[in-house]
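Just so it is clear, none of the values below were taken in a lab; they were calculated from the coordinates. Bear in mind that the values here come from a model prediction, so they are computed numbers and not experimental data. Here the Cβ is made from the backbone with ideal geometry for all residues, glycine too, and neighbour counts use every protein chain on show.
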Amino acid sequence: MTGAAAPSNSEILARWRHEPAPLLAVLHAFHDRDGYLSEEALRAVSGALKIPLADLFGTVTFYHHFSREPGGLNKPRVCTGNVCCLRGGRELLEALKSQGAAAMPCAGRCDEPVPVLRGHDQLVGLSAASLAAKPTPLPAPNPGGCEECIFEKIREPGRATLDGYRRTGGYEALAKAVREMPPAQLLAVVTESKLAGRGGAGFPTGVKWKAVADAPGQPKSIVCNADEGEPGCFKDRAIMDYDPHAVLEGMALAGFATGAPRGFIYLRYEYPATFRILERALAEAEKAGLLGEKIPGSNFTFKIHLRRGAGAYICGEEGSLLNSLEGKHPFPRNKPPFPVTHGFENLPTAVNNVETLASVPPIVRKGAAWYRGLGRNGHAGTKLISLSGDIQRPGNYEVPIGLPLKTLLHDWAGGPPAGRTIQAVTMAGLSGGFLAGDALDCTLDEPGIRGKGSFLGAGGIIVFDDSRGMVAAAHDAMEFFAHESCGKCFPCRIGTQRLTERLNGESGPQDLADWTDEVRDIGAAMRATSACGLGMAAPFVTDSLLKFFPDAVKQHASANRPPHQ
Ligand SMILES: Cc1cc2nc3c(=O)[nH]c(=O)nc-3n(C[C@H](O)[C@H](O)[C@H](O)COP(=O)(O)O)c2cc1C
Ligand code: SF4
């Protein structure tokens with residue numbers, strides 16, 4: 001077999017060293033070429049990018065997927081995330097151990113487990129023999145007959161191509177904005193739509209963009225957060241795979257509204273097929289002159305750079321993501337200052353989630369009032385929900401904000417498996433902990449869920465039927481947070497470990513009252529003193545376990561045994 005000659009060290013470095021945000025791109029180029037990151041490669045990168053070698057080693061080894069062993073890229077990595085463990089992820093890992101398999105945290109394929117990364121592919125299957133590369137499932141037509149915003153056109157044939165996108169109204173919003181709307185008018189439309197961030201924090205998008213527009217300093221940046229690391233969340237992958245141009249158009253609109261000439265997409269490592277789809281869409285849009293120098297009909301220039309993460313949940317946190325892009329150790333940043341004034345390279349930056357950005361072109365085409373009207377009971381717009389676990393029809397659903405949770409679970413998604421009942425669901429992926437019992441009578445909107453002691457966040461919901469042990473489920477969730485805590489602050493680094501130990505029965509008081517006091521105390525300290533949302537959210541898991549499953553906790557604390565037994 002013949003192919004293009006592998007690039008030399010100097011060719012790789014020449015290709016990337018003068019590009020913005022070069023480190024991840026350079027490291028991936030070496031990793032892809034050699035199948036691992038050799039010491040020689042790291043020395044070359046350190047010299048060319050002027051990063052001290054010790055710092056570079058620390059950064060590279062922080063990520064899960066940069067292998068330092070020859071052949072590491074081609075060794076299987078098996079998802080042992082919460083949903084995959086319900087489906088046999090641990091057993092698959094055992095079956096692939098002879099091939100050098102290692103575990104990886106949730107890989108964003110909870111709708112069709114179990115994902116395995118090997119080389120440049122993500123495979124899925126429930127056994128070693130059935131593993132195969134499969135396209136992302138196309139979101140099913142809206143079962144409730146509700147009008148959609150983001151998924152409205154996603155099922156149109158060829159929508160992922162430039163021709164297909166334009167045939168179905170694509171890039172009309174950008175053309176309209178750059179020709180007819182001053183940036184202030186575009187900002188007003190986004191603000192009036194009441195679109196709020198869909199990445200978890202729910203910050204109003206118009207307010208964020210206005211802050212970037214008003215902040216001094218150039219070049220400003222738009223960063224598309226496509227890290228999607230929250231277990232139980234896989235909605236951004238569906239958008240990017242079937243509607244990549246909607247994300248690019250949303251970014252260009254954000255650039256026009258804020259005066260930013262450059263954009264970055266930070267895509268999680270575990271989505272290799274999505275990387276190729278985005279690469280192709282970007283090339284198509286640039287070739288057609290829709291992105292790049294002077295977008296037709298205007299003086300507006302907007303260039304998008306695609307960067308691939310290397311496996312670290314914390315890199316979805318915006319400060320950590322910006323540090324990762326800048327080639328620094330990806331710790332979250334202390335706030336204030338916020339990215340709107342001090343973001344990428346300390347310049348004004350809008351960091352937005354994929355879903356947030358993909359919502360903008362339809363809003364510009366159809367108007368703010370149209371978007372607001374899609375919600376129920378006074379809530380504006382729609383939300384994508386990724387539904388997985390013990391449910392008949394897992395997948396991504398676009399719901400009107402304010403839809404009752406039980407309507408989604410039972411009427412839209414078919415309810416639990418036959419003969420089972422729903423015992424609990426998670427909210428915000430894992431970050432919102434559990435809802436159970438009467439709390440399942442709530443509506444899918446932030447006030448509705450907050451009223452039950454949780455939050456909607458990025459919209460991942462994992463269902464547990466009545467056959468599941470909830471202490472084990474809580475243990476697996478906390479183990480994830482302990483594994484992914486970046487370690488910058490003591491209460492989160494130690495607290496997530498201690499809570500995991502309390503839940504695995506290895507240590508901790510056997511008296512129920514003492515056990516409960518201690519777990520609550522650790523959680524309160526984490527919530528009060530953690531520097532980022534990971535440490536603040538993790539105690540939702542234990543607090544909701546104590547609230548909804550006191551009997552299971554009592555049994556666990558007194559038995560003091562591992563929850564999986
Ligand atoms: C631990 C942690 C992980 C996060 N992961 C993501 C993520 O994968 N994708 C995302 O869009 N936002 C994530 N966020 C939220 C981002 O920090 C940020 O609020 C968001 O990207 C802003 O975009 P939005 O306003 O459009 O939601 C995460 C936050 C925390 C604390
Ligand atoms: S709260 Fe946890 S994840 Fe966040 S910065 Fe502190 S140690 Fe890192």
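Could you check what % of the DSSP bridge pairs in the chain are antiparallel, to the nearest 5?
Rounded to the nearest five, the antiparallel share is 50 percent.
Of MET478, GLY200, GLY523, whose Cα points farthest to the positive end of the dipole of the chain (charges on the beta-carbon: +1 Lys, Arg; -1 Asp, Glu; origin at the Cα centre)?
Towards the positive end, the residue furthest out is GLY200.
Which of the peptides 506-517, 41-52 is most tightly packed, and how do the rest follow, going by the mean number of other Cβ atoms within 10 Å of each residue?
Going from most to least packed, we get 41-52, 506-517.
Rounded if a/c is under 1.5, else prolate if a/b beats b/c, else oblate: with a ≥ b ≥ c from the C-alpha gyration tensor eigenvalues square-rooted, which is the stretch 421-555? Could you put the intermediate results ahead of the total?
On the way: a/c = 1.75, a/b = 1.18, b/c = 1.48.
Here the stretch 421-555 falls in the oblate category.
Quick one: compute the contact order of the chain, relative version, from alpha carbon pairs under 8 angstrom and 6+ residues apart, as a percent. Write down the numbers at each step before the final one.
Working: 1146 pairs, mean separation 74.9, N = 565.
Over the chain, the number comes to 13 percent.
Quick check for you: which residues of the stretch 535-550 have the amide N under 19 Å from the point 7 Å beyond the Cα of ARG493 toward its beta carbon?
Within reach of a label on ARG493: 535-539.
In the neighborhood of LEU290, defined by Cβ-to-Cβ distances under 10 Å, what is the net charge if each Lys or Arg adds +1 and each Asp or Glu adds -1?
Combined, the nearby Lys, Arg, Asp and Glu give -1.
What do the square roots of 5 times the Cα gyration tensor eigenvalues come to for the chain, in whole Å, largest first, as semi-axes of the equivalent ellipsoid?
35, 30, 23
Given bins 5 angstrom wide, list per bin the percent of all Cα-Cα distances in the stretch 215-291, short to long.
Reading upward from the zero bin: 3, 15, 25, 24, 17, 10, 5, 1.
Please give the peptides 102-109, 520-527, 179-186, 424-431 ranked by average Cβ packing (other Cβ atoms within 10 Å per residue), highest first, as a rough proxy for protection.
424-431, 102-109, 520-527, 179-186
Convert each backbone phi in the stretch 310-315 into a coupling constant with the Karplus relation 6.51 cos²θ - 1.76 cosθ + 1.60 (shift: θ = phi - 60°), then list the ³J(HN,Hα) values in order as whole Hz, x for Gly and Pro.
9, x, 5, 4, 5, 5
Report the paramagnetic label zone for ALA211: residues of the stretch 503-547 whose backbone N is under 20 Å from a point 7 Å from Cα along the Cα-to-Cβ axis.
Once the point is set 7 Å along Cα→Cβ of ALA211, 530-537 turn out to lie under 20 Å by backbone N, inside the stretch 503-547.
From largest to smallest, what semi-axes in whole angstrom does the stretch 51-206 give when each is the square root of 5 times an eigenvalue of its alpha carbon gyration tensor?
Details: eigenvalues 306, 111, 53 Å².
After scaling each eigenvalue by five and taking roots: 39, 24, 16 Å.
Have a look at the DSSP beta bridges in the stretch 242-397 and tell me what percent are antiparallel, nearest 5.
About 40 percent, rounded to the nearest 5.
How would the stretch 189-238 be classified by its alpha-carbon gyration tensor: rounded, prolate or oblate, with rounded meaning a/c under 1.5 and the a/b versus b/c comparison settling the rest?
The shape class here is oblate.
So if we plug the beta-carbon distance of GLU192 and LEU49 into 1/(1 + (r/R0)^6) with R0 = 35 Å, what FRET efficiency do we get, rounded to 0.05?
Working from the Cβ atoms, E equals 0.20.
Tell me, what does the Kirkwood hydrodynamic radius of the stretch 1-130 come to in angstroms if you use every pair of distinct C-alpha atoms? List each step's numbers first, then the result.
On the way: mean 1/r = 0.0620 Å⁻¹.
Hydrodynamic radius (Kirkwood, Cα only) of the stretch 1-130 equals 16.1 Å.
Sorted by packing (mean other beta-carbon atoms within 10 Å per residue), highest first, where do 112-119, 401-408 land?
Result, highest mean first: 112-119, 401-408.
Multiply the residue separation of LYS287 and ARG393 by 0.36 nm, subtract the distance between their alpha-carbon atoms, and state the gained length in nm to one decimal.
Once the chain is fully extended between LYS287 and ARG393, it gains 34.2 nm.
Taking only the Cα atoms of the stretch 472-546, how large is their convex hull per residue, in Å³?
Working: hull volume 5.5 nm³, N = 75.
Cα convex hull per residue, to the nearest whole number: 73 Å³.
Given Cα positions, please report Rg to Rh for the stretch 441-505, the hydrodynamic radius being the Kirkwood one. All intermediate terms of the calculation are to be shown ahead of the outcome.
Working: Rg = 14.3 Å, Rh = 13.7 Å.
On the Cα set of the stretch 441-505, Rg over Rh gives 1.04.
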